[in-house]
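Working notes, beginning with the structure itself.
The values are calculated or read from the model by the stated rules, or taken from the named source; none is laboratory data. Because the structure is a prediction, the values reported are computed rather than measured. Cβ coordinates were reconstructed from backbone atoms using ideal geometry, including for glycine residues, and neighbour counts include every protein chain displayed. Each accessible area value is taken on the protein alone, full model and side chains, heavy atoms only, with ligands, DNA and RNA left out. Shrake-Rupley method; radii C 1.70, N 1.55, O 1.52, S 1.80 Å.
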Amino acid sequence: MNSPAEPERFAADVERTYRKIFFRLIPLLFLCYVVSYVDRVNISFAKLQFMHDLGFSEATYGLGAGLFFVGYVLFEVPSNLLMQRIGARRTLLRIMVAWGVVSSLMMFVRTPAQFYAMRLLLGVTEAGFFPGIIFYLACWFPGERRARVTAFFMMATAVAGIVGGPVSGFIMTRLAGVAGLPGWQWLFLLEGVPAVLLGLIVYCTLGDAPAEVRWLSDAEKALVKEDLLAEEKTKHTGHLEGLRGALGNPRVYLAALVYFAVMMPFNAIGFWAPTVIRDLGVTHLLDVGLLTALVFVAAALGTYVVGSHSDRTMERRWHIAASGAVTALAFALLPVAGRSVPLGVGLLALAAAASYGSFVVFWTIPQMFLSRSSAAGGIAMITSLGGTGGFVSPAFVGWVKTQTGSAEYGLIGLGVVLLAGVALLLITFPDQRARPDSAKNADRVPA
């Protein structure tokens, strides 16, 4: 007979196991995503110089920024399915080395056509990185732990803004003219190198699955396997498997529509925050970088607070809806700021905190209804279809800014789309709350 202390002791073993996995995987993946996001949005700073040097319009910039997501969408599903066949290490090595090289080659852009082609190619090379990581985390962490893990991982986008702004501002001001190159060329050259180095580190240090690593004991591997199998039994997906299962699940398409709406403002903040801050009257590039960093400090806090509270309450839908409403309200109030830097930056920070919070909680929704066999294809489908919002968002804001002289009205339009998306979420996805960890572990007593 098991003693009363055994469930508590077993619960401690569970926590210790997942803590070990967390610290082995997440810091490195976090750093990789920081570099990924920096390379994706560093044109938001480079544009403050190359727009003048190359004679590009705001619409040209917006279209080029968005074309990244066209390449990303077209190659995302094949990349993610390939990951299932060759494993995470090889996939991430291929992706990170390729995008690092392309990011550095952006320094040679001279014409709009070259700009469009390189942004499209950057999206092609990075395709599969984010959904691949989401799928990879699902191979290590059960659903009730995934929001916190994903929230921490997603804070990388905010950290990228925190460090990327000042670093980009420093490179563009301090290295301008060195070796006859303008600051924006040095920016692209230097910020592409870390991706290549990290790709090699990932290949040498990551494991593809719990069963393959040496740093987990047999008991710890069995514990993780039991958790993942128990989660799998709660999903009802019929006999369809893999991509076929994802294609035949109508919730995949509904989730893609919601993701489209969530992605629009999330993406716009990364590409347009420096421009909005400059339009408030901030002219020095280093000051723009520092104020942009403050916006992303708020984004990091929002990611953690919303994601953690969602996990504690095991509620997802209303966290996304409330965050979406706050984002739309903050965007709507931006024109009121006028030339007030504190008010304008404060509203951007509020929008960033809420938008990033809704983004991270959204990724717990697909994993509630996708089986493990269809998870990779389903996540890639949602990211690919909904990820078209990544193309529409910067292109739309760029067009609005060209027509009106203000990016703020474009952001207001994105807020309206976001409200429609969260309404669809509340209508079509029922409330499915998992039991908290304590209740689950209390039922599990070792033999």
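Residue by residue, here is whether (1) touching a residue at least 60 places away in the same chain (Cβ under 8 Å); (2) more than 26 Å from PHE68 (Cα to Cα) holds:
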residue	(1), (2)
GLU315	yes, yes
VAL326	no, yes
PRO342	no, yes
LEU350	no, yes
SER384	yes, no
SER393	yes, no
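Conditions tested, residue by residue: (1) at pLDDT 80 or above; (2) farther than 21 Å from VAL416 by Cβ; (3) assigned by the TED database to the domain that holds PRO131.
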| site | (1), (2), (3) |
| --- | --- |
| GLY344 | yes, no, no |
| GLN367 | no, yes, no |
| LEU370 | no, yes, no |
| ILE382 | yes, yes, no |
| LEU385 | yes, no, no |
| PHE396 | yes, no, no |
| TRP399 | yes, no, no |
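Considering each residue of the stretch 76-99 in turn, at least one proves to be among the charged types (D, E, K, R) and either buried (at least 23 other Cβ atoms within 10 Å of the Cβ) or not assigned by the TED database to the domain that holds GLY183 (or both). Only residues that are assigned to a loop (DSSP other than H, G, I, E, B) and either without any contact (Cβ under 8 Å) to a residue 60 or more places away in the chain or under 15 Å from VAL167 (Cα atoms) (or both) were counted across the stretch 268-285, and they come to 3. Restricting the stretch 290-316 to residues that are among the polar types (S, T, N, Q) and open to solvent by 10 Å² or more (accessible area, probe 1.4 Å) leaves a set whose member that is farthest from ALA261 (Cα to Cα) is THR313. Pairing residues of the stretch 65-85 that are among the acidic types (Asp, Glu) with residues that are at pLDDT below 85, at Cβ distances under 6 Å and at least 6 apart in sequence or on separate chains, gives GLU76/GLY128; GLU76/ALA380; GLU76/THR383; GLU76/SER384. The listed residues are ARG244, ARG251, and the only one of them that is closer than 19 Å to TRP363 by Cβ, open to solvent by 10 Å² or more (accessible area, probe 1.4 Å) and modelled with pLDDT under 85 turns out to be ARG251. One residue stands out among those in the stretch 135-152 that are crowded, with 23+ Cβ neighbours inside 10 Å and under 12 Å from the mean Cα position of the chain (by Cα): the one that is farthest from LEU228 (Cα to Cα), which is ALA151. Against the criterion of being in contact (Cβ under 8 Å) with a residue 60 or more places away in the chain, on the phi > 0 side of the Ramachandran plot and open to solvent by less than 40 Å² (accessible area, probe 1.4 Å), GLY128 qualifies. Flag set for GLY164, criterion: in the same structural domain as ALA46 (by the TED database) and surrounded by 19 or more Cβ atoms within 10 Å (Cβ to Cβ). Within the span defined as the stretch 286-299, every residue fails to be outside any helix (DSSP H, G or I) and among the acidic types (Asp, Glu). The residues of the stretch 111-125 that are part of a helix (DSSP H, G or I) and touching a residue at least 24 places away in the same chain (Cβ under 8 Å), listed by number, are PRO112, PHE115, TYR116, ARG119, LEU120, LEU121, LEU122, GLY123, VAL124, THR125.
Can you say whether ARG110 is more than 21 Å from TRP272 (Cα to Cα), at pLDDT 90 or above and not aliphatic (A, V, I, L, M), as far as the supplied structure shows? So ARG110 fits the description; yes.
Which members of the stretch 317-339 meet the condition of being over 16 Å from LEU419 (Cβ atoms), open to solvent by 60 Å² or more (accessible area, probe 1.4 Å) and either assigned to a helix (DSSP H, G or I) or not assigned by the TED database to the domain that holds LEU414 (or both)? The answer is VAL336, and nothing else.
Residue-by-condition table, conditions (1) assigned to a helix (DSSP H, G or I); (2) at pLDDT 85 or above:
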{"residue": "ARG146", "(1), (2)": "yes, no"}
{"residue": "VAL149", "(1), (2)": "yes, no"}
{"residue": "ALA160", "(1), (2)": "yes, yes"}
{"residue": "THR173", "(1), (2)": "yes, yes"}
{"residue": "PHE188", "(1), (2)": "yes, yes"}
{"residue": "VAL196", "(1), (2)": "yes, yes"}
{"residue": "LEU216", "(1), (2)": "no, yes"}
